[in-house]
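The values are calculated or read from the model by the stated rules, or taken from the named source; none is laboratory data. What you see is a predicted model; the values in this text were computed from it and never measured. Note that we place each Cβ from the backbone using ideal geometry, even for glycine, and neighbour counts take in every protein chain shown. SASA here: full protein model, heavy atoms, side chains in, ligands and nucleic acids out. Shrake-Rupley method; radii C 1.70, N 1.55, O 1.52, S 1.80 Å.
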Amino acid sequence: MPSQPVTIVALSGGVDSAVAALLLRDAGHTVQCLHMSNWEDDGYCDSARDFHDARRVCQQLGLPLHRVNFAREYQEQVFAEFLEEHRKGRTPNPDVLCNREIKFGVMRRYAERLGATRLATGHYARLALHDGTAELLKARDPGKDQSYFLHAVAAEDFRDVLFPLGDLHKSEVRDIARRSGLAVAEKKDSTGICFIGERPFAEFLHQYLPDTPGVIRDDRGHERGRHRGLAYYTLGQRQGLSIGGTADGSDEPWYVAGKNAERNELLVVQGQDHPLLHQNWLAATDAHWQGTSPAALERAQPLRCQAKIRYRQADQACTVVRTGAREVEVTFDQPQRSPTPGQYVVFYDGERCLGGATIARGGQRDSALRAVG
């Protein structure tokens with residue numbers, strides 16, 4: 001075992017984690033790197049190439065590299081729930097679960113067994129200690145902030161975690177990589193589902209879920225076509241509906257506005273400004289707070305804060321009320337576009353991430369419009 005405390009960097013093979021390792025090494029940390037694979041190579045998720053890039057970075061930096069496969073844990077703790085949510089016609093976000101269950105769960109414990117006293121990743125986020133508890137803060141780069149995806153990690157699992165990129169902009173990270181001659185300096189950022197990669201999504205989902213065709217209806221109850229299964233659609237979706245114009249000659253595009261799981265029907269509306277696409281209220285379950293829940297909710301009072309219902313959305317002013325042990329209702333000052341069941345509403349007090357909850361349904365308050373979702 002090393003004589004100095006060890007910081008293990010989760011090294012994905014991309015530029016962000018490579019620069020995180022470089023910065024910590026140059027800051028005097030005793031750094032080791034850990035590359036994990038959570039999905040087998042299939043032409044889309046190229047884990048062999050990512051491991052090769054991680055190994056090249058470690059050779060350049062003179063750092064040891066560990067390799068581990070968490071495919072079984074990912075299947076059981078993330079992917080199984082991902083499929084179950086789709087079976088229910090919801091739209092899950094597996095990146096949130098992956099952070100909670102794998103990166104700061106299984107991987108963290110594995111790093112500790114390797115002798116790590118600290119775990120570092122290439123996430124764009126910041127941590128600050130307050131009364132001995134880690135607070136999750138937004139990154140300095142608003143375009144790359146990943147606190148949305150980290151909100152479900154328990155505060156205690158952030159203990160002794162480092163986010164070296166939290167105070168940097170992405171352009172600065174690229175510049176550091178270039179100046180240091182890192183082999184991955186120009187590597188494209190990964191996108192797509194966490195560890196599954198970029199791929200034709202409907203084709204991928206069809207490998208695991210059978211088609212369950214049903215009727216597509218408009219907001220007047222008229223049949224407009226057939227869908228292949230509610231799992232293949234998300235609220236607000238425009239593409240892939242295969243619906244033409246209306247009898248009155250309107251050629252505005254159609255959008256998914258709701259799902260009726262009991263009748264296996266898809267609700268569509270015409271025009272991006274249709275009222276059913278914009279709702280000012282949502283109910284959410286499985287609320288998780290960073291540390292203790294906000295004081296206002298503890299006192300059974302409304303909480304004024306900001307929230308976002310999707311990544312990259314600007315913060316939206318809202319009021320949160322607790323309706324159960326882990327249930328909340330959120331009323332926004334301004335209508336939001338298509339709150340989507342299965343996705344997350346994440347709460348903020350300025351720079352601080354307070355926590356989040358899973359959206360169950362959306363609707364319109366103080367309106368004749370009924371809730372849909």
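Within the chain, the longest segment free of exposed loop sites, counting GluC sites (Glu not before Pro) that fall outside DSSP classes H, G, I, E and B and have at most 14 other Cβ atoms within 10 Å, spans 41-185.
When the Cα gyration tensor is reduced to axis lengths a ≥ b ≥ c, the ratio a/c stays below 1.5 for the stretch 301-373, which is therefore classed as rounded. FRET efficiency for the pair His274 and Tyr311, taken as 1/(1 + (r/R0)^6) with r the Cβ-Cβ distance and R0 = 25 Å, rounds to 0.55. Among the protein heavy atoms, those of His278 account for about 50 Å² of accessible surface (1.4 Å probe, every chain in place). Between Thr319 and Glu81, the simple spin-label model (points 7 angstrom out along Cα→Cβ) gives 3.1 nm. Taking all protein chains together and a 1.4 Å probe, the residues Arg365, Arg217 rank Arg365, Arg217 from largest to smallest accessible area. Straight-line cross-link partners of Lys88 among the lysines, defined as a Cα under 21 Å from its Cα and at least 8 positions apart when in the same chain: Lys259. Using every alpha carbon pair in the stretch 150-304, what percent of pairs falls into each 10 Å bin from 0 up to the bin containing the largest distance? Per 10 Å bin, starting at zero, the Cα-Cα P(r) for the stretch 150-304 comes out as 8, 21, 22, 24, 19, 5, 0 percent. The angle between the Cα long axis of helix 47-61 and the main principal axis of the chain comes to about 40°, on a 0 to 90 degree scale.
Explain nothing, just the number: relative contact order of the chain, from Cα pairs under 8 Å at least 6 residues apart, as a whole percent. Can you show the working numbers first?
Values: 778 pairs, mean separation 56.9, N = 373.
After rounding, I find 15 percent.
Volume of the convex hull of the stretch 289-331 (Cα atoms only), normalised per residue: 81 Å³.
Note on Thr331/Arg72: beta-carbon distance plugged into 1/(1 + (r/R0)^6) with R0 of 56 Å gives a FRET efficiency of 0.85. Inter-label distance, Leu209 to Thr133: 3.6 nm, where each label sits 7 Å from its Cα along the C-beta direction.
Roughly how big is the stretch 200-293's charge dipole about its Cα centre, with Cβ charges of +1 (Lys, Arg) and -1 (Asp, Glu), in debye to the nearest 20? Write down the numbers at each step before the final one.
Working: 8 positive and 12 negative charges, 35 e Å.
For this selection, approximately 160 debye.
Within the straight-line cut-off of under 20 Å between alpha carbons, the lysines reachable from Lys170 are Lys138, Lys144, Lys187, Lys188, sequence neighbours fewer than 8 places apart in one chain being disregarded. DSSP finds beta bridges in the chain, and of those with both partners inside it, around 70 percent are antiparallel.
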